[in-house]
Amino acid sequence: MARNKKTESDTPKKPGRLAQVRQVFTAARKADPTIPWWMLLAFVAVLAVGTGIGVLVGHWIYALVLSIPMAMLAATLVLSRRAERAAYASLAGQPGAAGAALGALRRGWFYSQEPVAIDGARGTRPEDMIGAAFVYRAIGRPGVVLVAEGPDARRTKLIAQERKKIERVAPGVPVSAIVVGDGADQVPVRKLSGKMTRMKPVLTKEEVSAVNKRLKSLGGMRPPIPAGVDPQRQRVDRKAMRGR
């Protein structure tokens, strides 16, 4: 029994909702110092509107009490949006940004924030990744999506190679390619998850799971580079932003 108690006490507890919100606020404020002011504006605006309605109907104290939680919710929503925007801004232009942005995908997707293919890396340090091309793979109901970033010639070659591998182990499964960037026919990193979520579903949940298992059987897909490739170890985590 003593051993069990010791084991339970040694197990780190997950931070509560308020602790998560505090962590997000601290990190986001470093990237965007105006966040506290936007939160305050949202809080005051909702509180003023609610109280004003209460004055008109003759129950301003009751309206004030009801408006406080609504104002807090509004401030939290502003924090979520501004924090998400700050996170994407810090990722833009960084090697591995596409992989980090995949963390914003919702349930129903299988993916890795590490690339399945890379070309042009001069070493394993973050600065050695500048100018390299990366390809990430995600599997969902729209099929297999190859997310690429980097110089055109290198990423085109990598996408073609990955298509052949996928067609060999999962013939007939739709394979799409998305290039992350700010150029023509490219998707900005902040819009990547939304773009993938809106893609037309063609597979069932069972088929998605089966395709994922087949692609895992390829083996040896991950190159010897740091996890996530992102030099700042940043990822877009919507659950944390919402305090869940």
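The values are calculated or read from the model by the stated rules, or taken from the named source; none is laboratory data. Please read all numbers here as calculations on a predicted model, not as lab measurements. Please note: Cβ atoms are built from the backbone with ideal geometry, for glycine as well, and neighbour counts cover all protein chains shown. In case anyone asks, the SASA skips ligands and DNA or RNA and just uses the protein heavy atoms, side chains included. Shrake-Rupley method; radii C 1.70, N 1.55, O 1.52, S 1.80 Å.
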### Task
Could you list all residues from region 122-147 that are surrounded by 23 or more Cβ atoms within 10 Å (Cβ to Cβ), farther than 19 Å from SER217 by Cα and modelled with pLDDT of 90 or more?
VAL147
### Task
Among the candidates ARG168, ARG154, single out the residue that is more than 23 Å from ALA210 (Cα to Cα), open to solvent by 50 Å² or more (accessible area, probe 1.4 Å) and part of a helix (DSSP H, G or I).
ARG154
### Task
Only residues in region 96-121 that are open to solvent by less than 20 Å² (accessible area, probe 1.4 Å) count as the first member; pair them with residues that are among the acidic types (Asp, Glu), Cβ under 6 angstrom, at least 6 apart or cross-chain, and list the lot.
GLY96/ASP230; ALA98/GLU149; ALA100/ASP230; GLY103/ASP237; ALA117/GLU162
### Task
Could you figure out which of (1) at pLDDT below 90; (2) over 20 Å from the mean Cα position of the chain (by Cα) isn't true of ILE166?
(1)
### Query
Since PRO33 meets every condition but one in (1) more than 26 Å from GLN113 (Cα to Cα); (2) touching a Ser or Thr at 6+ places or on another chain (Cβ under 9 Å); (3) at pLDDT below 90, which condition does it not meet?
(2)
### Of all residues making up region 32-57, the number that are polar (S, T, N, Q) and open to solvent by 40 Å² or more (accessible area, probe 1.4 Å)
1
